[in-house]
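Peer 1: Structure in structure tokens, see below.
We did not get these values from a lab; they are worked out from the coordinates using the rules stated. Keep in mind that what you see is a predicted model, and the values were worked out from it rather than measured. Glycine gets a Cβ as well: all are built from the backbone with ideal geometry, and neighbour counts include every protein chain shown.
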Amino acid sequence: MSAEPSLPTPSPRFGVWLVGARGSVATTAVAGCAAVTAGLHPPTGMVTETTPFADSGLPTLSSLVFGGHDTVDCPLPKRAEHLAEGGVLPHGLPSAVAAELAAADREIRPGGPLPGDNRTQDELISTFAADITDFVRGHDLAGAVVVNVASTEPAPARDGALPPSSLYAAAALRAGFPYVNFTPSTGLHHPTLAAAAANAAVPHTGRDGKTGQTLLRSVLGPMFLQRALSVRAWSGTNLLGGGDGAALADPAAAAAKNAGKERVLADTLGAAPQGEVHIDDVPALGDWKTAWDHIAFDGFLGARMVLQTTWQGCDSALAAPLVLDLARLLLRAHTVGLTGPRPELGFYFKDPDGAAPAALGEQYAALVDFAARLRAEA
Ligand SMILES: NC(=O)c1ccc[n+]([C@@H]2O[C@H](COP(=O)([O-])OP(=O)(O)OC[C@H]3O[C@@H](n4cnc5c(N)ncnc54)[C@H](O)[C@@H]3O)[C@@H](O)[C@H]2O)c1
């Protein structure tokens with residue numbers, strides 16, 4: 001009797017669980033992953049698609065399966081249509097990737113807590129953890145990563161109550177999945193979670209993606225320092241609309257965001273210069289952000305000079321490829337058994353974990369070393 005022909009082993013698939021799954025960044029990440037997988041667009045802006053990462057064993061884009069939590073119910077295909085009308089997604093893309101958007105939409109579960117929800121913190125954490133575990137089992141996934149891309153929260157009061165971002169972060173750890181905090185919200189940075197974060201059996205990283213003004217600051221700050229030019233003041237103003245602009249119209253949420261932007265200057269220059277950062281909500285601008293920086297500095301013999309920069313970016317188009325990068329990197333880190341905070345990924349964040357360098361060049365070198373480590377563990 002002849003032996004049964006062996007069936008090819010299916011390639012492993014991995015989950016990306018987005019907290020804030022119906023938002024601009026999340027929708028752009030899901031639509032963008034499908035578009036690049038289908039060959040409709042090149043992976044512009046995805047660092048993990050460049051040569052240093054080629055053999056690092058990262059999950060392929062086509063192996064990613066999306067799901068998540070949100071507190072609103074606008075279907076993802078509809079959300080993508082709105083983004084295309086605003087020029088964030090190319091016209092025609094929502095219909096070209098309609099099947100992938102609909103598949104991710106089916107995997108979005110109700111987030112929380114909404115007003116009137118009287119579940120305890122522990123019940124909320126257990127529900128969120130069970131939702132993620134069910135998703136992973138339901139799709140027979142080889143692993144999953146939880147990525148927070150929900151609206152920025154105000155910094156929590158010091159009364160011990162966990163803000164929503166921390167409930168989701170605790171749920172990721174409870175379910176045993178890596179966690180990325182792409183927002184300035186508290187996430188794992190809550191005193192109640194400090195020990196769990198430090199000793200986590202999964203890798204985690206954050207916080208607040210560095211996509212525009214702070215990206216530029218992490219390049220220019222070291223330049224002034226290395227050229228021995230003395231920065232007297234560094235002031236910034238941001239104009240943006242969209243859901244992020246609306247959330248940051250709350251001064252407490254804006255304060256959480258600005259702390260990260262200012263930290264980059266203190267870390268790269270050695271001390272925080274004079275000057276502040278302001279964020280203005282301008283709904284008419286939608287997802288298009290203008291970030292203006294005014295840097296007053298002294299040169300030789302006290303000569304007074306000024307550098308001004310104007311960054312005009314499409315926020316979600318800048319953020320989404322980084323979300324895909326981070327998901328792939330942490331999925332791989334988990335597969336090879338790395339645990340705890342990953343300062344090697346400081347390249348991506350305004351307020352990175354642990355002892356990450358603050359200058360973009362050093363952060364990139366650390367990231368490339370990390371890619372080599374992921375390769376060596378293969
Ligand atoms: N360049 C960038 O776009 C960039 C850079 C760094 C950080 N971020 C951060 O990414 C986050 C998302 O930005 P966006 O433009 O997609 O915002 P958005 O307003 O379009 O989306 C946020 C989503 O989070 C959902 N949400 C709110 N509370 C929730 C909860 N408790 N549980 C689950 N979902 C919840 C909202 O319903 C919404 O769908 C923001 O915190 C922003 O500060 C963005």
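Peer 1: Report the calculated FRET efficiency for Ala103 and Ser126 (r = Cβ-Cβ distance, R0 = 30 Å), to the nearest 0.05. Walk me through the intermediate numbers first.
Peer 2: Values: r = 26 Å, r/R0 = 0.87.
The value I calculate is 0.70.
Peer 1: From the mean inverse distance of alpha carbon pairs (Kirkwood) and the Cα radius of gyration, derive Rg over Rh for region 213-314.
Peer 2: On the Cα set of region 213-314, Rg over Rh gives 1.02.
Peer 1: At 0.36 nm per residue, minus the direct Cα-Cα distance, what do Asp298 and Thr51 gain on full extension? Give it in nm, one decimal, please.
Peer 2: 85.0 nm
Peer 1: Can you tell me the 0 to 90 degree angle between the C-alpha axis of helix 213-226 and the longest principal axis of the chain, rounded to 10?
Peer 2: Helix 213-226 sits roughly 50 degrees off the main axis of the chain.
Peer 1: Find, to one decimal place in angstroms, the Kirkwood hydrodynamic radius of the chain, where the mean of 1/r is taken over every pair of different Cα atoms and then inverted.
Peer 2: In the chain this quantity evaluates to 21.4 Å.
Peer 1: Starting from 0.36 nm per residue, how many nanometres of slack lie between His82 and Asp369 once their C-alpha separation is accounted for?
Peer 2: 99.4 nm
Peer 1: How big, on average over all directions, is the shadow cast by the Cα convex hull of region 189-261, in nm²?
Peer 2: 7.5
Peer 1: Ok, one more. Reachable aspartates and glutamates from Lys350, Cα under 12 Å, same-chain residues fewer than 8 places away excluded?
Peer 2: Asp208, Glu262, Asp267
Peer 1: Arranged by the count of other C-beta atoms within 10 angstrom, fewest first, what order do Leu64, Leu215, Leu40 take?
Peer 2: Leu40, Leu215, Leu64
Peer 1: What are the semi-axes of the equivalent ellipsoid for region 1-111, taken as the square roots of 5 times the Cα gyration tensor eigenvalues, largest first, in whole Å?
Peer 2: Square roots of five times the eigenvalues give 29, 19, 14 Å.
Peer 1: Loop only by DSSP, 14 or fewer other Cβ within 10 Å of the Cβ. Give me the trypsin sites (Lys or Arg not before Pro) in region 31-130 that pass, ordered by residue number.
Peer 2: Sparse-neighbourhood loop trypsin sites (Lys or Arg not before Pro): Arg119.
Peer 1: Can you give the extra length, in nm with one decimal, that the chain gains between Arg119 and Cys74 once fully stretched, where that is 0.36 nm per residue apart less the Cα-Cα distance?
Peer 2: Working it through step by step, the gained length comes to 13.8 nm.
Peer 1: At most 10 other Cβ atoms within 10 Å and a DSSP loop assignment: could you name the trypsin sites (Lys or Arg not before Pro) in region 176-263 that fit?
Peer 2: Here the trypsin sites (Lys or Arg not before Pro) that fit, given the DSSP loop and packing criteria, are Arg227.
Peer 1: Further question: Taking θ as phi - 60°, what are the ³J(HN,Hα) couplings along region 360-373 by the Karplus curve (6.51, -1.76, 1.60), each to the nearest whole Hz, with x for Gly and Pro?
Peer 2: Ordered by residue, 3J(HN,Hα) equals 4, x, 5, 5, 5, 4, 5, 5, 5, 4, 5, 4, 5, 5 Hz.
Peer 1: Looking at region 128-256, what % of the alpha carbon pairs are farther apart than 22 Å?
Peer 2: 49
Peer 1: If I take every Cα pair under 8 Å that is 6 or more residues apart in the chain, average their sequence separation and divide by the length, what percent do I get for the relative contact order? Could you put the intermediate results ahead of the total?
Peer 2: Details: 736 pairs, mean separation 78.9, N = 378.
Averaging sequence separation for qualifying contacts and normalising by length gives 21 percent for the chain.
Peer 1: Determine the distance separating the Cα centre of region 46-84 from the Cα centre of region 248-311; give it in Å without decimals.
Peer 2: 30
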